[in-house]
Amino acid sequence: MIRSLARTILLRLIIKKNIDQLVKDKQSASLDVKKEINGQVRKWGLDIRAVVLSDVKVLKSPVKEGGIPPLLASLGHTTQTLSPAAFAKYIYSMEEEEEETGNLIDIQDSIEEAEQGKTSWSVCLQNILETEKIEAENIGTYTLILSDVGTKLLMSITDTSKTCCVVDKEVESDVCLTLTSSDLAGILKGSLPPLQAYLSNRIQITGDVRKLMFLEKMGNKTHKPGQTFHI
């Protein structure tokens, strides 16, 4: 999970720096990566002490007019109106547009309604799944057993669909989690990191533990900076 997180952070770093910056000041880049990783893993009780980047190798020298200008043109921009650096920032910011206040409120309301019994957990999870992008590492089946209410949920994520339903029999899945509905609410609200809950025996897991990263992602969608994480 840390490797996957580091890869994502490194990609974000690369689009913000040019080659000269990466070559001449690797130490600064390493510190930036370490700082951002620790911003996440310290919630799990971990601390990254060092990040070492390998030497930057330029496989192909950039040409004066590469692929960026035609791409900008297709978006209605020119190299004068939007620089490649600005374009990279624009693309990166698109990932965060899904976390608009309206969506956050809708998801929070859905979680609270499930907690109060006004709606089912399957409907709540389906609402959250609808806002998620499908990524290769998240594809699979997830069984969630809510021990306090005796409900078994099956989340299925494929290349083309995301579904959640109630099941009443044993179903083969990539990962099976047993937890209480209150802990599920904490995870979905972003106040209870899944890995932390696993390490403290709040949830029991069989199967692919790496799938916890997807639950972490679901929780991050509703978590707001400054909220407290509960142990």
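List of remarks:
- Every pair of residues 6+ apart whose Cβ atoms lie under 6 Å, when the first sits in the stretch 11-27 and is touching a residue at least 24 places away in the same chain (Cβ under 8 Å) while the second is among the aliphatic types (A, V, I, L, M): Ile15/Ala88; Leu22/Ala29; Leu22/Val56; Val23/Val56; Lys26/Leu53
- Number of the condition not met by Lys189 [criteria: (1) farther than 28 Å from Gly45 by Cβ; (2) touching a residue at least 12 places away in the same chain (Cβ under 8 Å); (3) among the basic types (Lys, Arg)]: (1)
- Test for Ile111: is it assigned by TED's automatic domain parsing to the domain that holds Met218, closer than 20 Å to Leu192 by Cα and not polar (S, T, N, Q): yes
- Hey, Ser156 of a type in the set (Gly, Ala, Ser), more than 21 Å from Lys43 (Cα to Cα) and exposed (fewer than 13 other Cβ atoms within 10 Å of the Cβ) or not: no
- All conditions but one from (1) closer than 17 Å to Gly186 by Cβ; (2) over 21 Å from the mean Cα position of the chain (by Cα) apply to Cys165; the one that does not is (1).
- Among residues of the stretch 132-174, those that are without any contact (Cβ under 8 Å) to a residue 24 or more places away in the chain, part of a strand (DSSP E or B) and farther than 23 Å from Asn201 by Cβ, counted: 2
- Filtered residue count, the stretch 173-231, keeping only those that are at pLDDT below 85, crowded, with 21+ Cβ neighbours inside 10 Å and β-branched (Val, Ile, Thr): 1
- Residue list for the stretch 111-126, restricted to those being surrounded by fewer than 18 Cβ atoms within 10 Å (Cβ to Cβ) and not acidic (Asp, Glu): Gln116, Gly117, Lys118, Thr119, Ser120, Val123, Gln126
- Residue pairs meeting the criteria (Cβ under 7 Å; at least 6 apart or on separate chains; first closer than 10 Å to Leu22 by Cα and surrounded by 10 or more Cβ atoms within 10 Å (Cβ to Cβ), in the stretch 47-60; second at pLDDT below 90 and of a type in the set (D, E, K, R)): Leu53/Lys26
- Scan the stretch 24-58 for residues that are more than 18 Å from Thr8 (Cβ to Cβ) and polar (S, T, N, Q) and the total you get is 2.
- Residue list for the stretch 1-40, filter: within 22 Å of Ala136 (Cα to Cα), part of a helix (DSSP H, G or I) and among the β-branched types (Val, Ile, Thr): Ile2, Thr8, Ile9, Ile14, Ile37
The values are calculated or read from the model by the stated rules, or taken from the named source; none is laboratory data. Please read these numbers as outputs of a predicted model, since none were measured by experiment. Every residue, glycine as well, gets a Cβ built from its backbone with ideal geometry; the counts of neighbours run over all protein chains shown.
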